[in-house]
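The block underneath contains the structure these notes are about, expressed in structure tokens.
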Amino acid sequence: MDNTVKLPIGIENFEKMRTEGFYYVDKTGMIIELLRNWGEVNLFTRPRRFGKSLNMSMLKYFFSYDSDPALFDGLAVSREKELCEKYMGKFPVISITLKDVESRYYEGALFALHSVIRDEARRFRFLLEDGELSEEEEKDYRALIETLPMRDLDIPASEGIIRGSLRLLSELLSRHYGQKVILLIDEYDVPLDKAQQYGYYDQMVSLIRGLFAQALKSNENLFLSVLTGCLRVAKESIFTGLNNLKVRSITNVLFDEHFGFSDSEVRAMLEYYGLKNHYGQIKEWYDGYRFGDSDVYCPWDVINYVDQLRFEPDADPEAYWINSSGNAIIRTLLQKADDQTMTELDQLVNGLPVTKKIREELTYRELYDSIDNLWSVLYTTGYLTKRKKVKPNTYELVIPNQEIRVIFTEQILSWFQEEARKDAPALDAFCKAFRTGDAPLIERMFAAYLKKTISIRDTAVRKEKKENFYHGILLGLLSHRRDQVLKSSAQTGDGYSDILVKIPSLSMGIVIELKYSESRNLEAACQKALEQIEEKDYEEEFLDDDITTIRKYGIACRRRSCMVRMGQ
């Protein structure tokens, strides 16, 4: 075991990975498969943080004239001698990423897109020195590598420069080297996603369509092109007339193991760092994705957690992926949710599948038009994965692992609490019922709130996790009143009470103990909760304060039902 080898957190440069002592999971088999299963233009769609950018960097360093063959020593592709002799280091490569092409305004996005292509074009300044450019070609190339004036941006002129940029570069490089070019475009769909969010979608679609049409369609200087993104955007949107496009999505068997980590790759990493005893945790939290016929882990999660475990052996798993990807998709789903959708979310969170027809070819304009489209987005972006194919384009979908389950649960709780706060009179009445000792009203109102959210009943989830879910709902509802002080899981008496409420203006304290009932006997669970309040002496918290009235509640929950009993 060599713990000096660093984990490549956020490293997307293949050369840096191989030369600066980072642990590398060999994905060079993708190169072999790409060349043996030929497609002139290849689109790979995978969720974020599954290694797309690193694989694109790997392709760049394999094909590029100026790369070092030693970078691939000992890797799978190096054993393919004939293939390496024919293709390694034999091509001019144009490589861009569009992941940072975003702005609230079209002009800003236009400027950002030009900047990305400009910076790549500047790598080839030698084209100005070889005397092979015509006067018009030199003019076009210089326009491409110049910095656009943002303040007085000439939009039509800038659009014209961008649309022809990749075709111009491929033509000039092909002629200079006497060899067709490799074109790599990473995160191709980010500008479309941002354009839809900020309201200039039509302009961006027109621009990207023009750029791709010139670069990818009938470009005689193109040997091979690879694009990556999260979604497969419909052909009529930006790939108009592109008959040479091969789409390699998460449903395809080809290339299914080249994005994400396989089980054997995770086991090897844990063995290397002496962390084999954490295999079960990692599998529960980060495995479960199904790409083609392969089960894969999210590499971003595995790398981050293994890195943390190296220095903190008792560290609990975390939801690393969501911190890098956001949660707008789930929020949109919840905002559109009807009773049927909430029932289906309930099934998913509890480990049960839902059957949905998946549309892989959507335009960004269509993504949020309907709940049906949102299921497709959740699938293609990694929030759901397939369990099995039911019929063409229809799959049983499940939440892949514990990390995503936590994300769903937390987002649903947050959304529910926001929605509940919109009805202030109802929340006032709910909080008041705890003060007046109206247990039947508390029960009726809490049950009504539960019917608006989901339940936690999966047998794979420990009982305390289930109780935590209902605890979170109740705590969120009670936090509505600002004239009371809440304590959650506070140490008092001989243990930790679930919720303590102090109301100074009324000299009142409230003790709430919550239980999840595995059976239908909610009455017994309520009594157990009240007995625990007495046995653990939870009211001790209030005895040193000027509290004259103490109310005690035992609350039992099961799925979307509840019972409330008040103690003496």
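The values are calculated or read from the model by the stated rules, or taken from the named source; none is laboratory data. Treat the numbers as computed from the prediction; the structure is a model and nothing was measured. Because the Cβ atoms are built from the backbone with ideal geometry, glycine has one as well, and the counts that use them run over all protein chains shown. Heavy atoms of the whole protein, side chains included, go into the accessibility calculation; ligands, DNA and RNA do not. Shrake-Rupley method; radii C 1.70, N 1.55, O 1.52, S 1.80 Å.
Please determine, by comparing only the residues of region 465-491 that are modelled with pLDDT under 85, in contact with a strand residue (DSSP E or B) (Cβ under 7 Å, 6 or more places away or on another chain) and over 14 Å from Ile555 (Cβ atoms), which one is surrounded by the most Cβ atoms within 10 Å (Cβ to Cβ). Only one residue tops the list, namely Ala490.
Quick check on region 32-53. Is at least one of its residues surrounded by 16 or more Cβ atoms within 10 Å (Cβ to Cβ), over 31 Å from the mean Cα position of the chain (by Cα) and outside any helix (DSSP H, G or I)? Looking through region 32-53, none of the residues is surrounded by 16 or more Cβ atoms within 10 Å (Cβ to Cβ), over 31 Å from the mean Cα position of the chain (by Cα) and outside any helix (DSSP H, G or I). Where residues in region 282-314 are open to solvent by 60 Å² or more (accessible area, probe 1.4 Å) and not in a loop (DSSP other than H, G, I, E, B), which of them is nearest to Arg48 (Cα to Cα)? Looking at residues that are open to solvent by 60 Å² or more (accessible area, probe 1.4 Å) and not in a loop (DSSP other than H, G, I, E, B), I get Arg290. For region 88-126, taking the residues that are of a type in the set (Val, Ile, Thr) and open to solvent by 30 Å² or more (accessible area, probe 1.4 Å), the one that is farthest from Leu35 (Cα to Cα) is identified as Val116.
Evaluating Thr28 against the criteria (1) over 20 Å from Ser170 (Cβ atoms); (2) among the polar types (S, T, N, Q); (3) modelled with pLDDT under 95; (4) surrounded by 14 or more Cβ atoms within 10 Å (Cβ to Cβ) leaves one unmet condition, (3). A search for C-beta distances below 6 Å between a residue of region 492-519 that is closer than 21 Å to Ala439 by Cα and any residue that is in a helix (DSSP H, G or I) and open to solvent by less than 10 Å² (accessible area, probe 1.4 Å), counting only pairs 6+ apart in sequence or on different chains, returns Gly509/Phe542; Ile510/Phe434; Val511/Ile533; Glu513/Ala529; Glu513/Ile533; Leu514/Tyr470; Lys515/Ala529; Tyr516/Lys466. Of the strands (runs of 3 or more DSSP E) entirely within region 497-568, those holding at least 1 residues that are hydroxyl-bearing (Ser, Thr, Tyr) and within 25 Å of Met342 (Cβ to Cβ) occupy 508-516, 561-566. When Thr251 is tested against (1) open to solvent by 60 Å² or more (accessible area, probe 1.4 Å); (2) modelled with pLDDT under 95, just one condition goes unmet, and that condition is (1).
With a cut-off of at least 1 residues that are touching a residue at least 12 places away in the same chain (Cβ under 8 Å) and within 24 Å of Met17 (Cα to Cα), name the helices (runs of 4 or more DSSP H) lying wholly within region 69-166. Answer list for region 69-166: 81-87, 106-121.
Table: residues versus (1) under 34 Å from the mean Cα position of the chain (by Cα); (2) of a type in the set (S, T, N, Q).
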| position | (1), (2) |
| --- | --- |
| Ser158 | yes, yes |
| Ile161 | yes, no |
| Ser165 | yes, yes |
| Leu173 | no, no |
| Gln179 | no, yes |
| Leu184 | yes, no |
| Asp193 | yes, no |
| Gln196 | yes, yes |
| Gly199 | yes, no |
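Exactly one residue among Leu522, Leu543, Leu500, Leu514 is among the hydrophobic types (A, V, I, L, M, F, W, C) and surrounded by fewer than 13 Cβ atoms within 10 Å (Cβ to Cβ), and that residue is Leu543. Among residues of region 401-416 that are outside any helix (DSSP H, G or I), those with a Cβ under 8 angstrom from a residue that is of a type outside the set (Ser, Thr, Tyr) and surrounded by fewer than 18 Cβ atoms within 10 Å (Cβ to Cβ), sequence gap 6+ or separate chain, pair up as Asn401/Glu284.
Restricting attention to region 178-236, the residues being part of a helix (DSSP H, G or I), over 27 Å from Leu378 (Cβ atoms) and out of contact with any Ser or Thr (no Cβ under 9 Å at 6 or more places or on another chain) number 4. Contact annotation: residue pairs with Cβ atoms under 9 Å, 6 or more positions apart or on different chains, pairing a residue in region 229-247 that is at pLDDT 85 or above and surrounded by fewer than 19 Cβ atoms within 10 Å (Cβ to Cβ) with a partner that is hydroxyl-bearing (Ser, Thr, Tyr) and assigned to a loop (DSSP other than H, G, I, E, B), are Asn244/Ser218. Inspection of region 373-385 finds a residue satisfying the criterion of being open to solvent by 10 Å² or more (accessible area, probe 1.4 Å), within 19 Å of the chain's Cα centre (by Cα) and more than 21 Å from Gln340 (Cβ to Cβ). Val266 meets each of the listed conditions (1) surrounded by 18 or more Cβ atoms within 10 Å (Cβ to Cβ); (2) modelled with pLDDT under 95 apart from (2). Can you pull out every residue in region 237-263 that is closer than 14 Å to Gly288 by Cα and assigned to a helix (DSSP H, G or I)? The one that is closer than 14 Å to Gly288 by Cα and assigned to a helix (DSSP H, G or I): Asp263. Whether a residue is over 30 Å from Tyr305 (Cα atoms) and either open to solvent by 20 Å² or more (accessible area, probe 1.4 Å) or under 19 Å from the mean Cα position of the chain (by Cα) (or both) was assessed, and Lys357 passes this test. Scanning region 264-281 for residues being assigned to a helix (DSSP H, G or I) and under 22 Å from Thr4 (Cβ atoms) gives a total of 11.
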